């Protein structure tokens, strides 16, 4: 209990007197997770739309695979990316191991199935009458697709919120491919793991509180946007 | 625009909905297609509005001597107001503007026609309101405004008053009669309400067991 209380005091102290090292760790966490989320959204949204709006052989298998991949164990992703980019791996020549880029790749792989599966779900839940109405008003097939995606925007936002939660809290894969190098690949979650190992519970807990606060803030903003705009089809 | 429908057949999951439908709709006026719920009126309108394809038969838009191909250009000359209008999750204004926006018209160009169309259906005051907060009658009127703004040569209305109250039914009927006075569109409307057909129609057709008969 004493450690927890100390942790809270230390957390507020850290927030109030944010030092450059801690600020760098927080910033790198946001940068890695943010970029991974951006790439996952750029790839996942069209993939979800394709699966939601088009019929083609193997579609059901693709949907089931995507849903399964939502539960990918981070350490397995870390191992896979490690084998891919390690010096002897097929992409070893790129020299990405133990770099923020490697962490972004690993987190993108974790976020992509979440974004695409939940985008797919949001898009298939749009009332079919929306697409029909767009067609009756002279929309081209491409315009119909954009209209349906716009209608699903709040569900799509949910998928991004879920993926953000996943990548911000993730530690296994980025520890393997990033190496937790101080000032270069050390992020909040890997610092928490390291400080816990060292018995420095106050700092670990303080970072945990800051991590939770950031997640809470981002989620609250996105949820606010979602709540304001989501209206069921009459 | 004239439409000639010849021997249309349509079945869903082996069940025949349209058996052998033929009719000619000349330019102008209001043709009302009557029949009980489930008799195939909506399917017929959806096929005529090129929203669905018939299993067999032919649709001939335009003159016999110069039939029009079923392409996007033709689709943009006709429209269908669905019974559940499919209102987009945005403002009344943006809903009304949709047909012009997909035709590439700039925001500044659509403001005037949108205001005019919304005034025509009595929704001008609600242009900035979220469309999904409208009542069912207002929603249906917005659906009509959204269709009118694109100035269709052929307008299909599928049970436009099926789920609205008496007051809104009267408003919608008066809008349809005003449209007739303006004479811009050939209107083909489905309803199961005999009295409404009498009030609005220049011509009544009856759909029975998947076939159309003139009354």
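FYI, it's all coordinate maths here, none of it is from the lab. All of these numbers come straight from a predicted model, not from anything done at the bench. With ideal geometry, Cβ positions are generated from the backbone for all residues, glycine too; neighbour counts draw on all protein chains shown.
Worth pointing out:
- Comparing mean-square fluctuations of B:155, B:33, B:68 from a GNM of chain B with C-alpha springs under 10 Å, the top value falls on B:68.
- Cα pair distances of chain A binned at 10 Å [whole percent]: 8, 27, 29, 21, 11, 4, 0
- Mean Cβ count within 10 Å, highest first, over the residues of peptides A:44-55, B:165-176: A:44-55, B:165-176
- A quarter of the convex hull surface defined by the alpha-carbon atoms of region A:99-150 gives 4.4 nm² as the mean projection.
- Alpha-carbon centroid distance for the pair region A:139-213 / region A:77-116, whole angstrom: 16 Å
- Peptide ranges A:137-145, A:201-209, A:172-180 listed from the most packed, as the mean C-beta count within 10 angstrom indicates: A:172-180, A:201-209, A:137-145
- Tilt relative to chain A, helix A:201-229 - C-alpha long axis, 0 to 90 degrees, to 10: 20 degrees
- Region B:120-215: relative contact order as a whole-number percent, Cα under 8 Å and 6+ apart: 25 percent
- Here the scattering of region B:1-81 is modelled by Debye summation over its C-alpha atoms, one equal scatterer each and no solvent; at q = 0.15, 0.18, 0.20, 0.27 Å⁻¹ the log10 of I(q)/I(0) is -0.54, -0.78, -0.96, -1.58.
- Over all distinct Cα-Cα pairs of the protein assembly as shown, the Kirkwood formula returns a hydrodynamic radius of 25.7 Å.
- Of the two radii for region A:33-112, the radius of gyration is 1.04 times the Kirkwood radius, both from the alpha carbons; that is the Rg over Rh value.
- Taking 0.890 mPa s as the viscosity and 25 °C as the temperature, the Stokes-Einstein diffusion coefficient of region B:155-203 based on its alpha-carbon Kirkwood radius rounds to 222 µm²/s.
- Take each residue in A:141-153, count the other chain C-beta atoms within 10 Å of its C-beta, and the mean is 2.
- Longest to shortest principal axis, alpha-carbon extents of chain B, angstrom: 46, 38, 36
- Peptide B:88-97 - average C-beta neighbours from other chains (10 Å radius): 3
- Based on alpha-carbon atoms, the Kirkwood radius and the radius of gyration of region B:120-215 give Rg/Rh equal to 0.98.
- Mean per-residue shielding of peptide A:125-134 is 5, counting Cβ atoms of other chains within 10 Å of each Cβ.
- Taking each DSSP H run with n ≥ 4 as -39500 (n - 2.57) and averaging over every residue of chain B yields -10000 deg cm²/dmol at 222 nm.
- The coefficient of translational diffusion for region A:124-201, derived via Stokes-Einstein from the alpha carbon Kirkwood radius under 10 °C and 1.306 mPa s, stands at 99 µm²/s.
- Annotation: peptides A:150-163, B:16-29, ranked by per-residue average of other Cβ atoms within 10 Å with the highest first, follow the order A:150-163, B:16-29.
- Relative contact order for chain B, counting Cα pairs under 8 Å that sit 6 or more residues apart, in percent: 32 percent
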